[in-house]
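Working notes, structure below.
The values are calculated or read from the model by the stated rules, or taken from the named source; none is laboratory data. Everything numeric in this text was worked out from a predicted model, so none of it was measured. As a convention, Cβ positions derive from the backbone with ideal geometry for all residues, glycine included, and neighbour counts pool all protein chains shown. Just so you know, the surface numbers come from the protein's heavy atoms only, side chains and all, with ligands and any DNA or RNA stripped out. Shrake-Rupley method; radii C 1.70, N 1.55, O 1.52, S 1.80 Å.
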Amino acid sequence: MTGKLIRMNRILREDGKTVIVAMDHGQFQGPIEGIKDVRRTLSNIVAGRPDAMILNPGVIEKNGDLLGGKVSILCRITGASTNYSTKFDYHRITTSVEHALSIGADGVVVMGFMGGDGENASLEIIGKVAEECSKLGMPLIAEMLPQAMDHFTDPEYIALGTRVAYELGADLVKVYYTGFESFTKVLESVPVPVVIAGGPKGKDAFEMAREALELGAKGVAYGRNVFQADDQTEYVEKLLKTVHG
Ligand code: 5RP
């Protein structure tokens with residue numbers, strides 16, 4: 001499918017790797033530190049020239065002047081759940097692949113949950129979205145999360161979730177890093193690119209990226225570590241050096 005191939009090449013550079021900045025947290029966490037002023041943070045991040053950004057549709061639509069021609073846009077199309085939800089995995093489709101396409105997206109992002117009450121609905125969403133993505137030539141990025149917190153970086157869960165996402169049609173999978181001893185198991189579970197999410201600010205996200213890349217990950221999709229950094233632009237530049245060399 002030509003459209004998918006062309007758009008995938010906007011997300012991944014010629015070295016097959018990518019630096020994605022995730023700034024989709026407001027949809028469920030509200031105006032947290034680093035993203036209170038959306039336009040200022042967007043400007044700072046885009047100035048560092050990441051390869052792509054994960055954003056919610058409202059943010060994309062209202063900030064096209066800051067984004068167009070500068071960064072690939074990955075539109076988050078699932079959500080409908082906040083920090084106050086009674087169930088963490090209570091996610092639904094919030095907009096269509098077609099709408100994402102119409103507002104300029106180069107890919108769509110869906111959240112996939114494993115092991116909880118929401119698993120069934122969540123995996124069904126990935127399958128249905130994959131079908132739409134195939135029709136429209138749109139890359140599908142699946143972010144796979146174990147529902148139980150005590151399995152959040154469990155390699156068994158993450159490897160299974162990564163494989164399930166691929167089987168349902170994902171073109172790129174985003175997961176939390178499980179550690180140097182176990183992440184190969186995750187990477188070997190699929191023939192599509194896998195990138196790592198960052199988690200809360202605090203640990204050494206650059207060291208984590210170097211480890212994951214050494215094992216064969218294709219890049220990072222970091223959020224809080226970037227937008228909660230003292231210098232967001234510089235942080236992106238450092239990530240680009242780490243991933244692309
Ligand atoms: C929040 C997300 C983020 O895209 C993902 O978790 C990466 O962000 P962080 O590096 O802050 O964990 O899904 O909606």
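Do you know which residues across segment 96-126 are farther than 19 Å from Arg10 by Cα, open to solvent by 30 Å² or more (accessible area, probe 1.4 Å) and part of a loop (DSSP other than H, G, I, E, B)? Across segment 96-126, the qualifying residues are Ser96, Gly115, Asp117. Kindly check whether there is at least one residue in segment 190-197 that is away from the ligand (no atom under 16 Å from the Cβ) and assigned to a helix (DSSP H, G or I). There is no residue in segment 190-197 that is away from the ligand (no atom under 16 Å from the Cβ) and assigned to a helix (DSSP H, G or I). Could you give every pair whose Cβ atoms fall below 8 Å, whose first residue belongs to segment 216-229 and is at negative phi, and whose second residue is of a type in the set (Asp, Glu) and open to solvent by less than 10 Å² (accessible area, probe 1.4 Å), counting only separations of at least 6 or pairs across chains? Going by the 8 Å Cβ cut-off, the qualifying pairs are Gly223/Asp24. Among the residues of segment 30-45, the ones that are more than 20 Å from Lys70 (Cα to Cα), open to solvent by 50 Å² or more (accessible area, probe 1.4 Å) and without any contact (Cβ under 8 Å) to a residue 60 or more places away in the chain come to 2 in all.
Listed here are the residues, each with its yes/no results for (1) among the acidic types (Asp, Glu); (2) modelled with pLDDT of 95 or more; (3) within 15 Å of the chain's Cα centre (by Cα); (4) away from the ligand (no atom under 16 Å from the Cβ).
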| position | (1), (2), (3), (4) |
| --- | --- |
| Gly137 | no, yes, no, yes |
| Ala142 | no, yes, yes, no |
| Gln147 | no, no, no, no |
| Asp154 | yes, no, no, yes |
| Gly161 | no, yes, yes, no |
| Val164 | no, yes, no, yes |
| Ala170 | no, yes, yes, no |
| Lys174 | no, yes, yes, no |
| Thr184 | no, yes, no, yes |
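Residues are listed down the side, and each one gets a yes or a no for (1) modelled with pLDDT of 95 or more; (2) of a type outside the set (Asp, Glu); (3) under 21 Å from Ile11 (Cβ atoms):
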{"residue": "Val190", "(1), (2), (3)": "yes, yes, yes"}
{"residue": "Ile196", "(1), (2), (3)": "yes, yes, yes"}
{"residue": "Gly199", "(1), (2), (3)": "no, yes, no"}
{"residue": "Ala205", "(1), (2), (3)": "yes, yes, yes"}
{"residue": "Ala209", "(1), (2), (3)": "yes, yes, yes"}
{"residue": "Phe227", "(1), (2), (3)": "yes, yes, yes"}
{"residue": "Asp231", "(1), (2), (3)": "yes, no, no"}
{"residue": "Val236", "(1), (2), (3)": "yes, yes, yes"}
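Inside segment 80-95, can you point out the residues that are surrounded by 19 or more Cβ atoms within 10 Å (Cβ to Cβ) and in contact with a Ser or Thr (Cβ under 7 Å, 6 or more places away or on another chain)? Asp89, His91, listed by residue number. Those helices (runs of 4 or more DSSP H) of segment 1-81 in which at least 1 residues are under 13 Å from the mean Cα position of the chain (by Cα) and within 16 Å of the ligand (Cβ to nearest atom), considering only elements entirely within it, cover 2-11.
Within segment 189-215, the set of residues being touching a residue at least 12 places away in the same chain (Cβ under 8 Å) and among the charged types (D, E, K, R) comprises Lys201, Arg210, Glu211.
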